[in-house]
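Below is one structure. I have some questions about it.
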Amino acid sequence: MLFLKRPSHRIFDYTPRHYDPEQDKTEQRKKRLKFRYNRNHNRRTKSPVIWIVLFILILYFYFKFTTG
């Protein structure tokens with residue numbers, strides 16, 4: 001279980017029901033400056049450790065059966 005990907009936290013799109021004028025000003029300022037938080041959390045990255053282990057296993061079986 002060491003090489004498996006750990007589950008990530010769930011992300012919810014929650015908008016609060018109260019209005020904060022100061023926060024609204026900062027949000028407008030951020031939009032003007034084109035500041036955005038990267039919300040691309042669904043991107044799956046494959047671990048290179050799995051590929052290395054797989055490559056070593058293939059090499060092991062290749063040399064075991066070709067020299068034997």
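We did not get these values from a lab; they are worked out from the coordinates using the rules stated. Source: prediction; values computed, not measured.
Among the lysines, which have Cα under 26 Å from the Cα of LYS5 when same-chain residues fewer than 8 positions away are ignored?
LYS46
If I stretch the segment between ARG32 and TYR19 completely, what's the gain in nm (0.36 nm per residue apart, minus their alpha carbon distance), one decimal?
Length gained between ARG32 and TYR19: 2.7 nm.
With θ set to phi - 60° and the Karplus curve 6.51 cos²θ - 1.76 cosθ + 1.60, what are the ³J(HN,Hα) couplings of the stretch 3-20 in order, to the nearest whole Hz, using x for Gly and Pro?
So the Karplus estimates, Gly and Pro as x, are 9, 7, 6, 7, x, 9, 6, 7, 10, 10, 9, 10, 10, x, 8, 8, 10, 10 Hz.
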